[in-house]
Amino acid sequence: MLSRSAERVYWLGRYLERAENTARIVQQYSQLLLDLPEEVGVDWAELIAIFGLVAEFEGRDADERTVVDFLLASADSGSALANSIRMARDNIRNSRDLLPQESWECVNELHQYARSNLKAASAGKDRFEVLAECIARCQQINGILNGTMSHADPYHFLVMGQKLERADMTSRVIDVAAAYLQKNEAIVLRYGSTLWTNVLKSVSGFQMYRQYRQPEVAGLAVTDFLVNDRQFPRAIRACIEQVRHTASLLPRGSELDGTVGVALDGLPEPIPGDIDGAAVTRLMDETQQRLAGVHGAVVETWFLPA
């Protein structure tokens, strides 16, 4: 398999996952603002922090329309949902000989749908419906790839990109929730359950948490679930372990063992009972840095230098 082909498939996995998670987070954050009263102090600027785009967003008004447009449709934002879908389309278009034809058709249809609807959704028109459609189409594409693509080298690069992106997004969701809890104790006492319920729903983990962990939605338990649960496919540890397994199926995959091991060892299991919001924030920041290190190792091992 050519290095450039492997890189395109890897980035296809990352951009598809980024698109789905961006739609999920914006959708659930919008719902959170409807659920919490204004006195809590939750505002749209925090949504920018979730995606790590504070510097890129600087100088803009942090009102609802500006923030949502920046994250969904703005041509000035490289991290916008529309851009992630466009980049996924570009990568799959140049890799059609490696991927099922149906997947190319569905990604192209998603791109056309996003072009027609995301700008209006940014302004508030049918936002929940449009984002739900984007999520469903991303899941459809992943289902096609998983169900009809031979699980050979191209598929392994796709999964590796997908899982790294998913782990990073989950860490960002936890990070911002922890930041809110340390900023205002009143939130913990009165609205903590609502906040953490929305955190779980943003990664479609609410039902699995209630079924396999405990009925009460508590911050420490939710954090441990999203960090360490090996059965939940969006938990950080489950994603990193999948990256390790997938790398082992590729030539020279053992070269990632050290970097992946560092990322796993940095996740305390279980999360200490006395950990506070500031410590969770530090843990998530360190986790994101270690995930960036794994990405760097993937590039050095398999892809040509820029």
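Each value in this text was obtained by applying a stated rule to the coordinates, not by laboratory testing. What you see is a predicted model; the values in this text were computed from it and never measured. Cβ atoms come from the backbone with ideal geometry, glycine included; neighbour counts cover every protein chain shown.
Which residue, A121, A221, A55, has the most motion in a Gaussian network model of the chain that connects Cα atoms within less than 10 Å? Evaluated over the chain, the most mobile residue of the options is A55. Here the label points at N94 and Q211, each 7 Å from Cα along the C-beta direction, are separated by 4.0 nm in the simple model.
Here segment 1-149 is treated as a Stokes sphere of Kirkwood radius computed over C-alpha pairs; at 37 °C and 0.692 mPa s its diffusion coefficient rounds to 205 µm²/s. Entry note: segment 150-306 has Rg to Rh equal to 1.02, where both radii use alpha-carbon atoms and Rh is the Kirkwood radius. Farthest towards the positive end of the charge dipole of segment 1-149, among the residues F128, S30, G13, is the Cα of G13, using unit charges on the Cβ of Lys, Arg, Asp and Glu.
The alpha-carbon atoms of segment 118-243, seen along their principal axes, cover 51, 39, 25 angstrom, with the largest extent given first. This model, with +1 at the C-beta of Lys and Arg and -1 at the C-beta of Asp and Glu, gives the chain a dipole about its Cα centre of some 820 debye.
Taking all Cα pairs closer than 8 Å and separated by 6 or more residues, the relative contact order of the chain comes to 24 percent. The smallest convex shape that holds all Cα atoms of segment 225-305, its convex hull, gives 86 Å³ per residue.
Ordered by the count of other Cβ atoms within 10 Å of each Cβ, fewest first, K119, K163 give K119, K163. Largest GNM mean-square fluctuation among S116, S204, S193, using the chain with Cα springs under 10 Å: S116.
Please arrange E38, E17, E56 by how many other C-beta atoms lie within 10 Å of their C-beta, fewest to most. The partial results should precede the final answer.
Details: E38 8, E17 25, E56 15.
Fewest-to-most Cβ neighbours within 10 Å comes out as E38, E56, E17.
Our estimate of slack between K125 and L264, defined as 0.36 nm per intervening residue step minus the Cα-Cα distance, is 45.9 nm. Determine which residues of segment 212-256 fall in the zone a paramagnetic label at M1 would reach in this model, i.e. backbone nitrogen under 13 Å from the point 7 Å along Cα→Cβ. The answer is 246-253, whose backbone nitrogens lie closer than 13 Å to the label point.
Taking label positions 7 Å along the Cα-Cβ direction at both Q289 and Q112, the computed distance is 4.7 nm, reported to one decimal.
Between L34 and T194, the contour length at 0.36 nm per residue exceeds the alpha carbon distance by 56.5 nm. For segment 146-267, the relative contact order works out to 30 percent when only alpha carbon pairs closer than 8 Å and six or more residues apart are counted. What Kirkwood hydrodynamic radius, in Å, does segment 80-138 give when the mean of 1/r is taken over all pairs of distinct Cα atoms and then inverted? Kirkwood hydrodynamic radius for segment 80-138: 11.9 Å. Per the Debye formula with a single identical scatterer at each Cα and no solvent contribution, what log10 I(q)/I(0) holds for the chain at q = 0.11, 0.14 Å⁻¹? Here the Debye-derived log intensity ratios amount to -0.67, -1.10. Counting only DSSP H runs of at least 4 residues, each contributing -39500 (n - 2.57), and dividing by the residue count of the chain, the helix-based mean residue ellipticity at 222 nm comes to -23000 deg cm²/dmol.
The percentage of C-alpha pairs in segment 1-61 whose separation is greater than 14 Å is 69%.
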